[in-house]
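Worksheet: one structure, shown below.
The values are calculated or read from the model by the stated rules, or taken from the named source; none is laboratory data. Treat the numbers as computed from the prediction; the structure is a model and nothing was measured. Cβ: placed from backbone, ideal geometry, glycine included. Neighbour counts: every protein chain shown. Only protein heavy atoms, including side chains, enter the accessible area calculation; ligands, DNA and RNA are left aside. Shrake-Rupley method; radii C 1.70, N 1.55, O 1.52, S 1.80 Å.
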Amino acid sequence: MSPLPHRALQVDEVLSAIFRQLSPYVVLDRQEVLTAPNPLGADIGKDFSRSVIESQPCSANQRALLQASTVSRLFSTHALKVLWKTLPDLSPLQHLLDVMGFTYADPDEDVPIHTFSHSIHPTSRVNEWARFRWYTSCVLIVRDVIDLDAFERWSDRGGPPFLPALQMVRFRFDPRCVHRILRFIPPSLEDITLDFNSSSSRSREQPQSCPSEILWRIAARAPSIQVLNLTFRAYPNNICPSLTRFSSLRALIITGWMTPSLHEAIESLENLQTLYVKLYWTRARASMENLQFRRYRSVKRLVVLTLTYPLLSAFQSTEFPSLESVLLEVWPHSSDSSEAIVLGLGSLCNHTPRLRTLSLTTRSAAVHGDHPPPRLVTLIEPLLHKPTLENISLTLEDNYSFALTREDILSFPTAWPNLVTLCLAHAPLRTSDPAPPIRTFFDLIAACPRLETLVLCAEFDCTRLASWQNVSIPPHESLRGLFLGLDQETGSYYPEKTWRGLAAALDRCVPRLDLERELVRPNVVGARAVETWQTVVKHVQDIRAEYAEMVLS
């Protein structure tokens, strides 16, 4: 039986697809951006809302859309829809009102026609009104934060126009504009940011404008919200009943506090897939101890910035049966955070049967003190008992320095048989144990056929060139990203010969190596380590160039 033929696209569908490619803003998948391993330390998590759209529009695309809108009525409709889809703020709508010269529909009551949520037909200028409503129906995203000042700029116009198709908006909450915020929210809204961080929201808070009441009313007006981004400076009291009303929620971002009420409410969000929590060090309360055990059944991606003891308590009291990806940042206040890391990783591993990806970034505020520095495998010991892991990325900054032995490294393939990404970025540490020979690297990749990215800062010993320069392993076709910490003293007598020999072995055993990828930062692994590795990379480039020239000749 022959397959059914594909339906031919209509002209409008073709034009719509073409003009969407000219969007001035590139909207990213917010869940992927939030949970992606981030070895270079790009600051994507500090302001979640701004990370989902590029900071500046593409002016060339804007000009192309404007030009296309003058070609024909058919082109104009599609070009203007894309152009008005994302607004930087509310000023384009103000300008549009000025150009069209709209006045109040009812001068006696001072009710402007543009604030009406339903279609009305003024006695004059019907076509202009319909055209204005068409423009407002194109707006899906307003990028800038809408605060009291933004609303006040509309005070002589009766408030911003109703945007019936709005999907993403950001508010800085102020009790003086509660009603204006609620009036601005359409049923189509999918992504909302609410910042309860302003001083006025704390000093003037009334029962009808407290966070729990506001969330309750927003959920009633926009039942399809999928992304909820909340910032609290003051302790949010009992928001559990309000949060549970967001039944379609797929991503929840909380900045400021984790409370027992929040811990309870999240359990009832049956469609929640991404949980993002950023706490401050001062946000610790004894009430987070001895929590009732909860199961977050649907959460697949977890991001935690500033892993504090209240969150460690929450980890110990929470099961994540569907969790696949975790991104942690640990910023200790005044001491070594090794204990918190081990406790946190242990709790996660015990309660996440499907965990596949883990990314950890941490900074030590103090040296190891009187205690000897731990071996890296001691720090990550809980992970060694998690064979489901496929992607592991650890960035250990500042006073953290660790040693890796040959035995440690060769234990990884047994611990993680399906390893795809292994990034262990940290300052190297000299110990009484011998440095692992470079042959260890080749043995490791031979045992990890799926490996695609590898960072090891083990200060590999590249002496005894004859023992490894002709190493024979099958070419590793998957490995593309690589950084190795090398003992700088290895090539002190014959540096060019040593690094050239290593480059030749790498080119032979890792033929698809991407030499342009940056996987580490000098302030983490050390500037000398990066410089030495770049010397090896330059030799690989030379070898490839010489081979290409030979083939051409």
Defining a contact as two alpha carbons under 8 Å apart and six or more residues distant in sequence, what relative contact order in percent does the range 422-495 show? 38 percent
Residues of type lysines that residue 300 reaches as a straight line, Cα spacing below 25 Å, ignoring anything fewer than 8 places off in the same chain: 46, 278, 386
Ranking by accessible area, most exposed first, for 278, 81 with a 1.4 Å probe: 81, 278
Can you order the peptides 381-393, 454-466 by their average number of other Cβ atoms within 10 Å per residue, highest first? 454-466, 381-393
